[in-house]
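Chemist: Structure incoming, see below.
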Amino acid sequence: MRTAYSVETVRAAERELMARVPEGALMQRAAAGLAVVCAEVLGKVYGSRVVLLVGSGDNGGDALYAGARLARRGAGVSAVLLSPERVHEGGLRALRRAGGRVVAPDGAEGVLRGAGLVVDGIVGIGGKGGLRAAASQLVGSVRELGVPVVAVDLPSGVDADSGVVVGEAVRADVTVTFGAYKPGLLIDPGREYAGVVRLVDIGLELGGGAGGGAGGGAGGEVEALQYADVASLLPMPTGESDKYRRGVVGIVAGSARYPGAAVLAVAGALRGGAGAVRYVGHAADAVIARFPETLVSAGPPSKAGRVQAWVAGPGLGDDAERLADVVGADVPVLIDADGLRLADAGAVRGRSAPTLLTPHAGEAAALLGVAREEVERGRLDAVRELAGRYGATVLLKGSTTLVAAPGPSGGAAVRVNPTGTPWLATAGSGDVLSGLAGALLAAGLDAEDAGAVGAYLHGLAGRHAADGAPVGAQDVAEAIPAAWRDVRG
């Protein structure tokens, strides 16, 4: 498990460690790791030209000390000081002793033009509210010149706790983060700015070890499943399994206008390991034509036969009656698409069995009564707010898919999905995910695990299916077994 911690938690761990080690030891550990990564990006250090963008405080100090290490290896290092009056004095002395030089901001463009690498040490993890004008202009120049960038701890302009970007921000090729992952490195839009994230262990104690080991640790804000975590959660049949032990999932989806939504949800459920699929809806002919193994019922859902979980909503139209029947069931229920619009919030909160809601940003905005842009800017806050309002687990789809369990703010970590491809932004892809996650619910996974594992497999299937080219939702469904085998190794 990759676990990310809030700035407050990281700062507390740093203070505790600094009280036990010699003064400056943490910064030297960070600078050493940063210099190693910079050298890897450069390929050849001797004779290279490196520009440090240096702000105030420890973030700038890390950059200066790392620059001194590179200068001692023969690099020509120039430091652009954005706040000369508040520069880290020890780091600046070290750079000058190593042969580095200082450049005023108005001379930055000249040194940037010949640079092989830019090190972003403008703002650290405590930065809020966007970059100041001088820094913003400098960052814009770096982007226009196309020089490779290594960010120190976090790209400047990205909020460490949320990934929110206000105005200009550094777009890094590599981000070297110290001690622990920060939520803003794993959640878009911040994740997009971070590039490849490299973690340097500086000895912080955060429960799960540096950066959060398997199972995470106290205070974790965000966690991302890795292959081994997903593999351990996948339901696997045994010699005694039958369709009920494997899980029967009911699908209430599709309409005369949108029969394909039903077909795709059923495809996701069958490829996702369901022992059987019961379908209730107006697209029975289309479903049977594509998947003759489906058990079709005229309904209502409560009379369709035994299921271990329900999926309701994709392409449902205005069939509120069938949705209400599903919400009243005493088994886990996944609600998506039209079902989100039709579901009564009070009825969802009153359910005794688990509920998983799977909105995209537009649907989440409608449920919260805010603009879509507000959800996209603050995905972490939005998914937590929805989970709290509905008393349900919420899977917020998007460039970064998040899964939040219901509970008080600051409770369980939000799951962030690390897989996927932009090619998944295609009609019907979400219907496949609904069926897949529904099958995992029926197999016995709790709502949080079903959502997180479903999103992981769905994203991996998208990669397999696309392979760098356009892909359709049916292709994604067909690639789920390949993703499953990939995870199982």
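The values are calculated or read from the model by the stated rules, or taken from the named source; none is laboratory data. The structure displayed is predicted, hence computed values, not measured ones. Cβ coordinates were reconstructed from backbone atoms using ideal geometry, including for glycine residues, and neighbour counts include every protein chain displayed. Just the protein is used for accessible areas: all its heavy atoms, side chains included, with ligands, DNA and RNA removed. Shrake-Rupley method; radii C 1.70, N 1.55, O 1.52, S 1.80 Å.
Chemist: The conditions are (1) surrounded by 20 or more Cβ atoms within 10 Å (Cβ to Cβ); (2) outside any helix (DSSP H, G or I), and A31 fails exactly one of them. Which is it?
Modeler: (2)
Chemist: For residues that are free of Cβ contacts under 8 Å to residues at least 40 places away in the same chain and under 18 Å from L323 (Cα atoms), scanning just segment 278-298, find the one that is most open to solvent (accessible area, probe 1.4 Å).
Modeler: H282
Chemist: If you take the residues of segment 229-262 that are touching a helix residue (DSSP H, G or I) at 6+ places or on another chain (Cβ under 9 Å) and farther than 22 Å from L334 by Cβ, which of them is most open to solvent (accessible area, probe 1.4 Å)?
Modeler: Out of the qualifying residues, it is T238.
Chemist: Still on this structure, I have one more. Exactly one condition in (1) open to solvent by less than 20 Å² (accessible area, probe 1.4 Å); (2) at positive phi is not met by G398; state its number.
Modeler: Here G398 clears every test but (1).
Chemist: From A392, A479, A427, grab the single residue that is free of Cβ contacts under 8 Å to residues at least 24 places away in the same chain and either out of contact with any Asp or Glu (no Cβ under 9 Å at 6 or more places or on another chain) or basic (K, R) (or both).
Modeler: Testing whether each residue is free of Cβ contacts under 8 Å to residues at least 24 places away in the same chain and either out of contact with any Asp or Glu (no Cβ under 9 Å at 6 or more places or on another chain) or basic (K, R) (or both) leaves just A479.
Chemist: Go through G407, G468 for me and flag whichever is assigned to a loop (DSSP other than H, G, I, E, B), open to solvent by 40 Å² or more (accessible area, probe 1.4 Å), among the small types (G, A, S) and more than 27 Å from T3 (Cα to Cα).
Modeler: G468
Chemist: I'm trying to understand the selection: among the residues of segment 156-169, which are aliphatic (A, V, I, L, M), open to solvent by 10 Å² or more (accessible area, probe 1.4 Å) and part of a loop (DSSP other than H, G, I, E, B)?
Modeler: Across segment 156-169, the qualifying residues are V164, V166.
Chemist: Looking at the structure I just gave you, is P105 in contact (Cβ under 8 Å) with a residue 40 or more places away in the chain and either open to solvent by 10 Å² or more (accessible area, probe 1.4 Å) or over 21 Å from A66 (Cβ atoms) (or both)?
Modeler: Here the answer is no, as P105 does not meet what is asked.
Chemist: Another one. Tell me the residue from R377, R389, R349 that is under 23 Å from Y5 (Cβ atoms) and surrounded by fewer than 21 Cβ atoms within 10 Å (Cβ to Cβ), please.
Modeler: R377
Chemist: Can you tell me which of (1) open to solvent by 10 Å² or more (accessible area, probe 1.4 Å); (2) of a type in the set (G, A, S); (3) under 33 Å from the mean Cα position of the chain (by Cα) is the one A312 doesn't meet?
Modeler: (1)
Chemist: Same structure again: Tell me the residue from G100, G67, G60 that is on the phi < 0 side of the Ramachandran plot, touching a residue at least 24 places away in the same chain (Cβ under 8 Å) and touching a Leu at 6+ places or on another chain (Cβ under 7 Å), please.
Modeler: That would be G67, the only listed residue that is on the phi < 0 side of the Ramachandran plot, touching a residue at least 24 places away in the same chain (Cβ under 8 Å) and touching a Leu at 6+ places or on another chain (Cβ under 7 Å).
Chemist: Shifting gears a bit: If only one of A412, A387, A437, A405 is over 14 Å from the mean Cα position of the chain (by Cα) and more than 17 Å from E221 (Cβ to Cβ), which one is it?
Modeler: Of A412, A387, A437, A405, the one residue that is over 14 Å from the mean Cα position of the chain (by Cα) and more than 17 Å from E221 (Cβ to Cβ) is A437.
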